[in-house]
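One structure below.
Read-outs: derived from the displayed coordinates by stated rules, not from any lab. For clarity, every value in this text was computed on a predicted model and none was experimentally measured. Note: ideal-geometry Cβ built from the backbone for every residue, glycine included; neighbour counts use all protein chains shown.
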Amino acid sequence: MTIALKSDKEIEILREGGRRHAAILKALADMVEPGLSTLTLEEEARRLIREEGDKPAHLGYTPYGASRPFPAALCVSVNDEIVHGIPNEVPKVLKQGDVVKIDLSLIHKGMFTDSAITVGVGALDDEAQQLLEVTKAALVAGIAAALPGGKIGDIGAAISAVVEPSGFSLAKDLVGHGVGYKIHEDPYVPNVGKKGTGEELVPGLVIAIEPMVNTGKPGWKTLPDGYTISTKDGSRSAHFEHTVAITEKGNIILTSND
């Protein structure tokens, strides 16, 4: 395993890109309504990215084990789709009550950030609303545990401590990761862990923390398009993600406008 730490200057570039990243995701979330096509989200994402002079990291990226490059700038995953939904090959028209995950990786001045949000289409039923709240709370807990001198396992322990009492489940073996010079770097950042175990959290480490939570069981499958991952039992899923830098004093959420 090779962990590449980032300099203060590189973290500042990531913070600059992360603010742009957050603004794009907010703009896309504000568009979500019944009747919207996922293709429209994809087209608007490309326009917004291009407008700022940045690049979409997903577009044309071929992860390890994939048979072809990813064909879109966004991942848009609906209801039982957990992650990596393709918005532009067979576009979906969003319906009232849908649970929509919007995942974007951005390249700004050569540095990569990764972030995802989940939004409801119109009013959500009680279970879906709770799903979003639990998943968002799990991300907040994971970030709060990502402190210098700690361990990677602290993050997973904090995330699972939020999800397990809810009766929902974390998507099995789907994890966060290092990020910065590439979309995916070492180390893995599991959403289940034991406090005090795993790689040390040191200043300069930049990671994507991303709980993926299902209302049903943790199992998943890859759909025939080769990318979309959905729940095995058809239950709905939510996904929230931030890119976070470990610093001497704590951490910085890079993909935030706060």
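Summary value for the chain: 23 percent relative contact order, contacts being C-alpha pairs under 8 angstrom separated by 6+ residues.
For ALA146, nonlocal amide neighbours, meaning residues 5 or more places apart or on other chains whose placed amide H falls under 5 Å from its own, do not occur.
Working note: Karplus 6.51/-1.76/1.60 with θ = phi - 60° gives region 94-101 the couplings 6, 10, 3, x, 5, 9, 10, 9 Hz, where Gly and Pro are set to x. The distance linking region 98-146 with region 65-79 is 17 Å (Cα centroid to Cα centroid, whole angstrom). Note on GLU43 and SER166: the model spin-label points, each 7 Å out from Cα along the C-beta direction, lie 3.4 nm apart. Would you indicate which of (1) 1, 7, 14, 19, 20, 18, 13, 6, 2, 0; (2) 1, 6, 13, 16, 17, 15, 13, 9, 6, 3, 1, 0; (3) 1, 5, 11, 13, 14, 12, 10, 7, 5, 4, 4, 4, 3, 2, 2, 1, 1, 0, 0 is the value of P(r) over Cα pairs in 5 Å bins from 0, in percent derived from the coordinates of this structure? Only one listed value fits the structure, namely (1).
In summary, the aspartates and glutamates within cross-link reach of LYS195, defined as a Cα separation below 16 angstrom excluding same-chain residues under 8 places away, comprise ASP154, GLU164. Comparing Cα centroids, region 225-258 and region 11-40 end up 14 angstrom apart. Within region 94-155, the trypsin sites (Lys or Arg not before Pro) that combine a DSSP coil assignment with at most 15 other C-beta atoms in a 10 angstrom radius are LYS95, LYS109.
Counting only residues at least eight positions apart within a chain, or on another chain, the lysines with an alpha carbon under 21 Å from that of LYS55 are LYS6, LYS9, LYS26, LYS101, LYS109, LYS182.
Applied to region 223-238, the Karplus parametrisation 6.51 cos²θ - 1.76 cosθ + 1.60 on θ = phi - 60° returns per-residue 3J(HN,Hα) values of 6, x, 5, x, 10, 5, 10, 10, 5, 5, 9, x, 6, 7, 9, 10 Hz, with x for Gly and Pro.
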